[in-house]
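K.L.:
Starting off with a structure, shown below.
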Amino acid sequence: MGFPHRSHPRETPVLSQHFGDPDARSLAGWRQRGGYRALEQALTMEPAAIVGIVKESGLRGRGGAGFPTGLKWSFMKPGDGKPHYLCCNADESEPGTFKDREIMRWTPHALVEGCAIGAYAIGAETAYVYIRGEFTEPLQRMTDAVREAYAEGILGPNALGSGKRVDVYVHKGAGAYICGEETALMNSLEGRRGNPRIKPPFPAVAGLFGKPTTINNVETLAAVPHIINNGAEWYKAMCQGNPKSTGTKLYSVCGNIARPGNYEVVMGFPFKDFLYDLCGGPPPGRRFKAIIPGGSSVPIQTIAEAEATVMDYEGFVAEGTMLGSGGVICIDDAQCMVKQIARLARFYAHESCAQCTQCREGTAWTTKIMERIEAGQGTREDLDTLLEIADNMTGKTICVLSDSCAVPVVSGIQKFRDEFEAHITQQRCPFRGAAAGGGVATAVAA
Amino acid sequence: MTDRKMITLTIEGRQVQVPEGTSMLEAARSAGVLIPHYCYHPGLPVAGVCRMCLVEVEKAPKLAPACATAVADGQVIHVHSDKAREARTGVLEMLLINHPLDCPICDQSGECELQDYTYAEGRKSSRYREAKRFNPVEDFGGDVLYVPNRCILCTRCVRFMDDVAHDPVLNVSERGDRAVIGKFEDQDLTHPWAGNVVDLCPVGALLSKDFLNKARSWDLDRAASICPNCSQGCNATLETRDNVVVRIRPRPNDEVNRYFLCDEGRLDYRWLNRRDRIEYPHVRRDHALAPVEWEIAVDAAAVALRGRQAFVLASPGLSNETLFLLARIRDRTGGRGAFRVRQGAEAPLPGVPDLALRADRAANGRGAELLGFSRSETPLEGLRNGDVLIVADEELAGIDPASVATAVARAASIIVVGTTLPAWASGAAVVLPVANMAEEDGTFTNLRGRVQRYLQAKQAPGLVRPAWSALGDLLTALGESALYFLPSDVFAALAAAVPAFAGLDYDRLGLVGVPVAGDGAATAAAGALVGAAP
């Protein structure tokens, strides 16, 4: 079942199978749907065997970077005498992304189960679920689910009667984009300001409270019980494209699109079919102009690039962008790219943690120039300045927020330079007051 | 030192060998290569936020922050390659876009790292065409003023208060380019060591209220010195303008004060500029003190001492050299000597072992003890009828004047060897005006027995001479062959005569000092240091 729309026949609902089904939320309802069988089985296995299955399944991180999950888990050395921690990154703040939110709203026990298996697999007794501050309903659902799980002895000192301890804590963030960065998240969990830390040391060596820590995205952990239940081969078989990308992926689709919402498709699905068949294409009378396929931090695609894309980690890279978080932002031909990019830059300027010079100053400077161009006050030199600032902001800071701000600016200027130049030559936004459709093209062409 | 593995790498074409775990920045420093930086400070935990120290490492995809990256074997690091230099120019441009560029009215001008690096590697002009961010000046309490418009958010001040002072008063407030250094509500920078944030600030964002608008840094003369205000013996730099001390700042010494100086030490320097000094030698003639030539005054002092025992009331703020010569006069006449140390509250700096503003508010109480003076709260107690009282730069401030007068009345006569003439000693027979510590070279012994040199920072007024010089003449007049032309001559005599100082050499004290012999744990180190010298 999809949500808020019905599942499309070409979707492969695994994680989203119970979206929109309120009965799946309770522990009883979840158990009826096969819940906690995977945990029960996992607790009888050796942790290394679980890591092996996850490795074999080809599951990769769904938060954006796509790092192989089993490999990440294998960095946690068993028997090192230190407490280990699992963090679940539920600080879903990437603009255009709302898949984790739905997992937690409809199937909170799926995440609790995933956390418990993950924690056990990496030799941790404690898992923290760090939930974005604005997520009031998911927080409530998760808190309820964890309480139920404790009451039923699924979590606690003797998880499911296995004699093994698994604790899950739900922690509410205060609402900062940067706290979705893994080390900032750990600082925030520790009660510090949510500033990213310098790496190395990596979390697997010194993470939360200075102890070996693994941090995984909600969607990643929620997929784990399915892999335990159905086996690595089953998961690996869900692949229509590059064999390095396996399983299903949830995409959050928003913007100028007929049917926004979450869609779950197998890796390697054609992006063109996804956009037009599943999501219904652009609103009536409009055409797609650009797609940001993986949350706002990935390069913007022209619609031609998007239509040629195969939806997996490698496929998006081949078309000049990244799979990222799977937040698909659709932009149609009635929208001003300069305005859209200025809005994105403003977001990053607001969310920069202010540690690194290039990010603190660069995001704000970029925003000011972008807004000036949008207001018709730009010059041709501004475009060169923007590109140079972007170059200065790329690859030089502690985390990638700075790079993320530079990405839409650079790809925007490269791919939609005519719109920037129209703003400069006409000294106004050509889209302002212009009629949708043909009027816009004329405006830009002039 | 545990035997750590040594790493060999190349920095700017120079082969460098450093222990494993050393940062690139420190490795470069050991090779004499400065990697420009702002947030890094050797006395603070690494933050890695200013991104100024990015360097190019061959075969690495990205530039590396030198302060936060450990060296690896065989690395080849470029500090002045195009890529690294462009990155720094980029950082400088970003740091300056919202900076008011108000160097002409900024106290930091001339000693500002933002200014220095911008001159060296910054862009010639700014591309920034937008309005600059503005935040009003804030009083941080204590001696500190915050000018947020000049701030580059290196967070040295925050880290100092958190990790060294253990008094987390400062924070980074807000995010993005709205960020400023904030102060927690109802808390001020009143920690006794908080003033260090002013020195730590690489730009003109944190200013000393005391020094505000007092001088341009290039108008200052500087002398390596020792803070004279307590027995810790923090290494310091005395800065003068037109022969007036206007600022004391810490001078790094890992053995004593690392990079720090307490607020009392910083702010208590005005006594070095006192205007109520005695500027000429005086002798008593017709019931009044009359100015005379030095020779006449020295002879008069010798006459007064003849056949009598001296009682030396010594200041614990005098140099080892002066105290040594006073001890010679004391011993020569079979007399005694005492000193009193003014007390104050002890204030440690928790992040640095064995560093505190000490209760003993004088620089050389330890030296006075080693030279046989007895410490007493009522130092005149030992003064006997018929003694000659030598008042060596001691005003006995805070002691009831009536009781002082009663005690002083026991003296046959009074010889004042001092910077000032206290009212209770106005009946002195001879007054020998001497230099204060800022006006002479000398050494102090700190509470751990470390002998440290200080250099002359300003000229003495009138006919004033260093006390060691005047006392040398007096000893000669008393019949001793005591020819001292330099403080090092006195120190050599001291080292030869006093076992505690045996083996020490004035020149080899250098500018960081050496522990005295026989002083507990310090002995071995002292022996090694002296022994190692060529």
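K.L.:
Helix B:487-497: angle to the longest alpha-carbon principal axis of chain B, degrees 0 to 90, nearest 10?
P.N.:
70 degrees
K.L.:
Can you list the residues, at least 5 places off or on another chain, whose amide H is less than 5 Å from the amide H of B:T419, using H built in the peptide plane?
P.N.:
Answer set, sorted by chain and number: B:D393, B:V434.
K.L.:
With a 10 Å Cβ neighbour count serving as the proxy for reagent exposure, in which order, fewest first, do B:I415, B:I278, B:I105 appear? Spell out each step's value before the answer.
P.N.:
On the way: B:I415 27, B:I278 21, B:I105 9.
By the 10 Å Cβ count, ascending: B:I105, B:I278, B:I415.
K.L.:
What is the gain in length, in nm to one decimal, between B:D286 and B:I105 on full extension, counting 0.36 nm per residue of separation less the C-alpha to C-alpha distance? Walk me through the numbers before you get to the answer.
P.N.:
Working: separation 181, 0.36 × 181 = 65.16 nm, distance 5.63 nm.
Taking 0.36 nm per residue and subtracting the Cα distance, the gain is 59.5 nm.
K.L.:
Placing +1 at every Lys and Arg Cβ and -1 at every Asp and Glu Cβ, with all other atoms neutral, what dipole size does segment B:192-295 have around its Cα centre, in debye to the nearest 20?
P.N.:
Values: 16 positive and 16 negative charges, 58 e Å.
Result for segment B:192-295 is approximately 280 debye, rounded to the nearest 20.
K.L.:
Using 1/(1 + (r/R0)^6) with R0 = 41 angstrom and r between the beta carbons of A:Q240 and A:E40, what's the FRET efficiency to the nearest 0.05? List each step's numbers first, then the result.
P.N.:
Working: r = 32 Å, r/R0 = 0.78.
Taking R0 as 41 Å, the efficiency between A:Q240 and A:E40 is 0.80.
K.L.:
Among rounded, prolate and oblate, which fits the protein assembly as shown when a ≥ b ≥ c are the square roots of the eigenvalues of its C-alpha gyration tensor, a/c under 1.5 means rounded, and a/b larger than b/c means prolate? Please list the in-between numbers first.
P.N.:
Details: a/c = 3.19, a/b = 2.27, b/c = 1.40.
Taking the square roots of the gyration eigenvalues as a ≥ b ≥ c, the protein assembly as shown is prolate.
K.L.:
While we're on this one: For chain B, with the dipole built from +1 on Lys and Arg beta-carbon atoms and -1 on Asp and Glu ones, taken about the Cα centre, which of B:Q17, B:A457, B:N320 lies farthest toward the positive end?
P.N.:
Farthest towards the positive end: B:Q17.
K.L.:
Assuming 0.36 nm per residue, please report the length gained on full extension of the stretch B:R384 to B:R127 beyond their Cα-Cα distance. Spell out each step's value before the answer.
P.N.:
On the way: separation 257, 0.36 × 257 = 92.52 nm, distance 8.00 nm.
Extra length available between B:R384 and B:R127 comes to 84.5 nm.
K.L.:
For the ranges A:143-150, B:261-268, B:403-410, B:167-174, what's the packing order if you count other beta-carbon atoms within 10 Å of each residue, average per peptide, and put the highest first?
P.N.:
Details: A:143-150: 19.4, B:261-268: 22.4, B:403-410: 15.4, B:167-174: 17.1.
Ranked from most to least packed, the peptides come out as B:261-268, A:143-150, B:167-174, B:403-410.
K.L.:
May I ask you to list, by number, the DSSP H helices of chain A whose Cα span along the axis is at least 18 Å and whose average Kyte-Doolittle hydropathy reaches -0.5 or more?
P.N.:
Counting only whole DSSP H runs, the qualifying helices are A:108-121, A:218-230, A:337-351, A:401-415.
K.L.:
For A:D312, which sequence-distant residues (separation of 5 or more, or a different chain) have an amide H within less than 5 Å of its own amide H, given hydrogens modelled in the peptide plane?
P.N.:
Placed amide hydrogens put A:G268 under 5 Å from A:D312.
K.L.:
Checking the cross-link filter: which lysines have an alpha carbon closer than 16 Å to that of A:K82, excluding same-chain neighbours under 8 positions apart?
P.N.:
In chain and number order, the partners are A:K211.
K.L.:
Under the rule a/c < 1.5 gives rounded, and otherwise a/b versus b/c splits prolate from oblate, where does segment B:363-453 land using the Cα gyration tensor?
P.N.:
Working: a/c = 2.14, a/b = 1.53, b/c = 1.40.
Cα axes put segment B:363-453 in the prolate bin.
K.L.:
Still on this structure, I have one more. Quick one: check the C-alpha center-to-center distance for segment B:307-371 versus segment B:119-173, whole angstrom.
P.N.:
42 Å
K.L.:
Rank these for me by crowding, A:E190, B:E321, going from fewest to most other beta carbons within 10 Å.
P.N.:
A:E190, B:E321
K.L.:
Please report how far the C-alpha centroid of segment A:295-323 lies from that of segment B:382-460, rounded to the nearest whole angstrom.
P.N.:
When both Cα centres are located, 84 Å separates them.
K.L.:
Here is a follow-up. Could you derive backbone 3J(HN,Hα) for segment A:262-277 from the dihedral phi with the Karplus parameters 6.51, -1.76 and 1.60 (θ = phi - 60°), listing whole Hz in sequence and x where the residue is Gly or Pro?
P.N.:
With the stated coefficients, segment A:262-277 comes to 9, 10, 10, 10, 6, 4, x, 5, x, 5, 4, 4, 4, 5, 8, 7 Hz.
K.L.:
In square nanometres, what is the average projected area of the Cα convex hull of segment B:314-395?
P.N.:
Values: hull surface 23.6 nm².
Result: a mean projected hull area of 5.9 nm².
K.L.:
Taking θ as phi - 60°, what are the ³J(HN,Hα) couplings along segment B:124-134 by the Karplus curve (6.51, -1.76, 1.60), each to the nearest whole Hz, with x for Gly and Pro?
P.N.:
Computed from phi, the couplings for segment B:124-134 are 6, 9, 8, 9, 7, 10, 8, 5, 7, 5, 9 Hz.
K.L.:
Also: How would you rank B:C230, A:C429, going from fewest to most other Cβ atoms within 10 Å of each one's own Cβ? Write out the running numbers ahead of the final one.
P.N.:
Values: B:C230 27, A:C429 19.
Starting with the residue having the fewest Cβ neighbours, the order is A:C429, B:C230.
K.L.:
Which FRET efficiency value, to the nearest 0.05, is calculated for B:R178 and A:V317 with the Förster distance at 41 angstrom and r the Cβ-Cβ distance?
P.N.:
Efficiency, from the Cβ-Cβ distance: 0.70.
K.L.:
Another question, if that's okay. At 7 Å along the Cα-to-beta-carbon direction for both A:D273 and B:D116, put a label point, then send me their distance in nm to one decimal.
P.N.:
Rounded to a tenth, the inter-label distance reads 6.5 nm.
K.L.:
With just the Cα atoms defining each centre, how far is segment A:155-231 from segment A:114-154? Give it in Å.
P.N.:
10 Å
K.L.:
Hey, another quick one. Over the Cα atoms of segment A:22-237, what Rg and Dmax result, in angstrom?
P.N.:
Computed over the Cα atoms of segment A:22-237, radius of gyration and Dmax are 15.7, 45 Å.
K.L.:
Sequence gap at least 6, Cα distance under 8 Å: using those rules, report the relative contact order of segment A:174-332 to the nearest whole percent.
P.N.:
Working: 289 pairs, mean separation 27.0, N = 159.
Relative contact order here is 17 percent.
K.L.:
Rounded, prolate or oblate, given the Cα gyration tensor of segment A:1-134, with a/c below 1.5 counting as rounded? Mind dumping the intermediate values first?
P.N.:
Values: a/c = 1.76, a/b = 1.50, b/c = 1.17.
Judged from the Cα gyration tensor, segment A:1-134 comes out prolate (a/c at least 1.5, a/b above b/c).
K.L.:
Given a Förster radius of 35 Å and the C-beta distance between B:D268 and B:D139 as r, what FRET efficiency does 1/(1 + (r/R0)^6) yield to the nearest 0.05? Walk me through the numbers before you get to the answer.
P.N.:
Working: r = 21 Å, r/R0 = 0.61.
According to the calculation, E is roughly 0.95.
K.L.:
Okay, next question. Which part of segment B:401-418 falls in the paramagnetic zone of B:E377, meaning amide N under 17 Å from the point 7 Å along Cα-to-beta-carbon?
P.N.:
From segment B:401-418, the list is B:401, B:403-404.
K.L.:
For A:E388 and A:A65 in the same chain, what is the full-extension length gain: residue separation times 0.36 nm, less their Cα-Cα distance, in nm?
P.N.:
Numbers: separation 323, 0.36 × 323 = 116.28 nm, distance 2.55 nm.
Result for the pair: 113.7 nm of gain on full extension.
K.L.:
Next question. Given +1 on the Cβ of Lys and Arg, -1 on the Cβ of Asp and Glu, and no further charges, what dipole in debye does segment B:3-70 carry about its Cα centre, rounded to the nearest 20? Walk me through the intermediate numbers first.
P.N.:
Numbers: 7 positive and 6 negative charges, 18 e Å.
It comes to approximately 80 debye.
K.L.:
Scan around B:V144 for amide H atoms under 5 Å from its own, H built in the peptide plane at 1.01 Å from N, and keep only partners 5 or more places away or cross-chain.
P.N.:
Result for B:V144 returns B:K209.
Any read-out appearing in this document is the output of simple, stated calculations on the displayed coordinates, not a laboratory observation. Given the structure is predicted, the values throughout are model-derived calculations rather than measurements. Don't worry about glycine lacking a Cβ; one is built from the backbone with ideal geometry, like all the others, and counts go over all protein chains shown.
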